[in-house]
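Here's the structure, in structure tokens; my notes come after.
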Amino acid sequence: MAVFETHQGNAPVILAFPHTGTDVPAEIWERLNDNGRILADTDWHIHKLYDGLLPDVTTVRATFHRYVIDANRDPAGISLYPGQNTTGLIPQTDFDGKAIWKDRQAPTGADIALRLAGFHAPYHAALAAEIARVKAIHGVAVVYDCHSIRSLIPFLFEGRLPDFNVGTDMGRTCDKAIETATYEACASAEGYTSVLNDRFKGGWTTRHYGKPETGVHAIQMELAQISHLASEAPPFAYDEDKAARLRVHLKDILHRIAALAATLPR
């Protein structure tokens, strides 16, 4: 199967989708238990949510599920959040801490090596190529990493997650103007809650590519799924009315970032 999908545009912004894929090869599917086969930790419908919001934007989307291998984790297996509950390069549990693999079927070191080569590396090669191409056009490139997660997951965080969770690794991964414009758009969105660099500070994609001194900026947006899903439980249906309201604000964010790109240092 194709492990990623790319749409090339000429805008300075690149939308990355590492967690919307639901493809699982048959030999891996057979090793998942009933809980794992729910694929609950998918970033459900996020590529649909962003579709058409910014003209001529480039998109890079992983088609494989994060239970195959997580495209937003360090390939070296280093935790993004040391000391906190999280899931790894190939998750052993779901976001509730429950097993996803059948007994004695959890991935081995050999599995990790194969999946790094067959899934993780090709996705990031595609993303890196688009970053280089867009930067050659504009002198800068802005990676906007698109994510969502259930709003209530006690295993990962206390309380209810805000609707907009902006991550820039404490300002390290993008120009301050991008961080400020994005967060101001979130904070002014009536009826929504927002936070900057709190529980989600930007995953491996944001931290790996976001090097403003080189002209490459990155920012992560983690949306609470209650903001655009009918329910955060199976079948994780897309709510057209909720999504329409949210898309107004996401469009504003992306247009602000695209306009700012022309003002960033080369």
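Summary of computed values
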quantity: The range 1-104 pair-distance distribution - Cα-Cα, 10 Å bins, rounded %; calculated: 14, 40, 32, 13, 2
quantity: Residue-by-residue Karplus 3J(HN,Hα) for the range 231-247, coefficients 6.51, -1.76, 1.60, Hz, glycine and proline x; calculated: 7, 8, 10, x, x, 6, 6, 6, 9, 4, 5, 4, 5, 4, 5, 5, 4
quantity: Selection from Tyr192, Ala177, Ile153 lying farthest towards where the dipole of the range 148-200 points positive, charges on Cβ; calculated: Ile153
quantity: About the Cα centre, charge dipole magnitude for the range 1-155 (Lys/Arg +1, Asp/Glu -1 at Cβ), debye; calculated: 120
quantity: Per residue accessible area of the range 173-266, 1.4 Å probe, in Å²; calculated: 43
quantity: Convex hull of Cα atoms in the range 146-255, direction-averaged projection (nm²); calculated: 7.1
quantity: The chain, accessible surface, carbon-and-sulfur percent (1.4 angstrom probe); calculated: 55
quantity: In degrees, nearest ten, helix 176-187 long axis to first principal axis of the chain (Cα); calculated: 70
quantity: Gyration tensor (alpha-carbon) shape descriptor, the range 43-129, a/c threshold 1.5; calculated: prolate
quantity: For the range 148-200: rounded, prolate or oblate by the Cα gyration tensor [a/c cutoff 1.5]; calculated: oblate
quantity: Using alpha-carbon coordinates, inclination of helix 121-138 to the longest axis of the chain, degrees; calculated: 0
quantity: Charge dipole (debye, nearest 20) of the range 106-203; +1 at Cβ of Lys and Arg, -1 at Cβ of Asp and Glu; calculated: 260
quantity: Part-to-part distance (alpha-carbon centres) for the range 90-129 and the range 147-193, which is given in Å; calculated: 26
quantity: Most to least packed among 147-157, 227-237, 56-66 [average Cβ atoms within 10 Å]; calculated: 56-66, 147-157, 227-237
quantity: Net dipole in debye of the chain [+1 Lys, Arg Cβ; -1 Asp, Glu Cβ; about Cα centre; nearest 20]; calculated: 480
quantity: For the range 80-223: rounded, prolate or oblate by the Cα gyration tensor [a/c cutoff 1.5]; calculated: oblate
quantity: Accessible area expressed per residue, the range 39-148, with surrounding protein chains retained (probe 1.4 Å, Å²); calculated: 38
quantity: Of Lys48/Lys242; Lys176/Lys211; Lys48/Lys135; Lys48/Lys251, those spanning more than 19 Å from alpha-carbon to alpha-carbon; calculated: Lys48/Lys135
quantity: Residues with amide H under 5 Å from that of His147, placed H, sequence gap 5 or more; calculated: Met221, Leu223
quantity: Peptides 178-188, 12-22 ordered by average Cβ neighbours within 10 Å, highest first; calculated: 12-22, 178-188
quantity: Sequence-distant residues sharing a close amide H with Ala189 (under 5 Å, placed H); calculated: none
quantity: Inter-probe distance in nm under a simple model that places probes 7 Å from Cα toward Cβ, at Ala230 and Gln92; calculated: 3.7
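The values are calculated or read from the model by the stated rules, or taken from the named source; none is laboratory data. As the structure is a computational prediction, the values presented were derived from the model and not from experiment. Heads up, the Cβs are rebuilt from the backbone with ideal geometry, glycines too, and the neighbour counts pull from every protein chain shown. Surface accessibility is based on the protein's heavy atoms, side chains included, excluding ligands, DNA and RNA. Shrake-Rupley method; radii C 1.70, N 1.55, O 1.52, S 1.80 Å.
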